[in-house]
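Shown next, in structure tokens, is the structure this report addresses.
Derivation of every value follows stated rules applied to the coordinates shown; laboratory data play no part. Not measured: the values here are computed from a predicted model. Don't worry about glycine lacking a Cβ; one is built from the backbone with ideal geometry, like all the others, and counts go over all protein chains shown.
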Amino acid sequence: MRSHPLRRLWPSLSAPVLLLCLCAVPLRAEDPPEKVREHYKDMRAYTLLTQPSPALGDRPLVFWVDKKKGIAFALAWDPSRHKRYVYKIIVFEANKDFCPEQEKTSSPKWQQIPPYAAEPPRELSPER
């Protein structure tokens with residue numbers, strides 16, 4: 001019998017606790033960032049200064065990260081609604097490095113922005 005992929009990240013957790021960790025906060029892709037903020041406190045915000053993708057709204061991705069809990073939310077832009085949405089939810093090993101979009105957080109392309117910011121400051125815009 002194969003174990004759940006998250007079991008490798010948290011081998012010490014029992015199945016009910018692991019399930020509780022995954023289901024305790026009912027968030028999903030396409031939720032508004034406000035819902036993330038409501039359920040997760042003390043997150044840090046970052047932006048990835050790579051060339052924006054038309055498929056993700058032609059704006060840089062914004063990440064809200066809780067390193068202690070090992071979870072990050074990538075926020076993309078929805079041009080039709082003129083607002084950000086949760087593009088994806090990323091689970092990683094708690095208190096370890098997070099590598100968004102195959103870019104190390106030590107890269108100059110990875111910039112911290114104010115907590116819970118949904119947009120990078122104008123001075124960090126790749127269009128400048």
Exercise. Enumerate the lysines that residue 109 could reach by cross-link, defined here as Cα to Cα under 22 Å, with residues fewer than 8 away along the same chain left out.
Key: 67, 88, 96
Quiz item: All other residues with a Cβ under 12 Å from the Cβ of residue 105 taken together, and with Lys, Arg as +1 and Asp, Glu as -1, what is their net charge?
Solution: +2
Quiz prompt | Relative contact order (%) - criterion: Cα under 8 Å, at least six apart; region: the range 28-118 | solution = 34
Practice problem: Please compute the net charge surrounding residue 70, taking Lys and Arg as +1 and Asp and Glu as -1 over other residues with Cβ under 10 Å from its Cβ. | Solution: +2
